[in-house]
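One structure is given here, and the rest of the page talks about it.
The values are calculated or read from the model by the stated rules, or taken from the named source; none is laboratory data. All values reported here derive from a predicted model rather than from experimental measurement. Neighbour counts are summed over all protein chains in view; Cβ atoms, including those assigned to glycine, are modelled from backbone coordinates with ideal geometry.
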Amino acid sequence: MDLLTAIKISASGLSAQRTRLNVLSSNLANANTTRSADGSGPYKRKEPIFQEVQEGNSFESSLNQAMGQGSGVEVSNIIEDQKPGERVYDPSNPDADKSGYVQMPNVNVMQELTDIMETSNSYEANVSAVRSAKDMISAALSIGRNG
């Protein structure tokens with residue numbers, strides 16, 4: 001794998017992790033939202049789905065696939081978690097049912113914070129990989145100038 005391909009793969013990881021961080025931030029911001037924008041119930045936790053970038057039918061992409069070399073990652077979809085949230089007794093809430101219970105979002109704040117830390121670490125690893133590839137390219141160019 002050449003260094004430009006390594007940068008391209010890391011850049012796709014940066015983009016995917018940025019999307020994941022945005023989704024996780026939205027989940028965290030809506031952890032107590034009991035009515036969605038369309039009024040259909042509480043906020044539903046969202047989750048990005050990652051997949052390998054599909055390069056097409058070129059010879060190079062077929063060869064890379066046969067050699068087990070990836071071509072990057074992308075977010076293929078963002079799905080809603082269908083698990084029900086907790087029911088909380090709060091008769092003063094306008095979204096409470098006849099019994100006084102409110103259906104809360106299915107967002108676990110601790111899980112979201114843990115996922116945000118994991119995403120941040122993955123993002124930093126991709127930044128480090130891009131920086132290393134850039135340094136290697138720079139070193140190779142300086143060898144050519146000095147040689």
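Within the range 1-45, which residues are free of Cβ contacts under 8 Å to residues at least 40 places away in the same chain and either in a loop (DSSP other than H, G, I, E, B) or under 17 Å from Ser122 (Cβ atoms) (or both)?
Asp2, Asn22, Ser36, Ala37, Asp38, Gly39, Ser40
Kindly indicate whether Lys134 is under 28 Å from Leu21 (Cβ atoms), assigned to a helix (DSSP H, G or I) and either at pLDDT 90 or above or of a type in the set (A, V, I, L, M, F, W, C) (or both).
yes
Residues of the range 24-50 being closer than 16 Å to Asp115 by Cα and either buried (at least 19 other Cβ atoms within 10 Å of the Cβ) or basic (Lys, Arg) (or both), which ones? Break it down stepwise before answering.
We begin by selecting, within the range 24-50, every residue closer than 16 Å to Asp115 by Cα; these are 24-31, 45-50.
Across the range 24-50, the qualifying residues are Leu24, Asn27, Arg45, Lys46, Pro48.
Filtering the range 84-131 down to residues that are hydrophobic (A, V, I, L, M, F, W, C) and closer than 13 Å to Thr34 by Cα, which residue is modelled with the lowest pLDDT?
Going residue by residue through the range 84-131, those that are hydrophobic (A, V, I, L, M, F, W, C) are 88, 96, 102, 104, 107, 109-110, 113, 116-117, 125, 127, 129-130.
Then drop every residue that is not closer than 13 Å to Thr34 by Cα, which leaves 88, 96, 102, 104, 107.
Values: Val88: 94, Ala96: 90, Val102: 94, Met104: 95, Val107: 95.
By that ranking, first place goes to Ala96.
Might you check whether a residue that is surrounded by 12 or more Cβ atoms within 10 Å (Cβ to Cβ), under 22 Å from Ser15 (Cβ atoms), at pLDDT 95 or above and of a type outside the set (A, V, I, L, M) occurs anywhere in the range 51-62?
no
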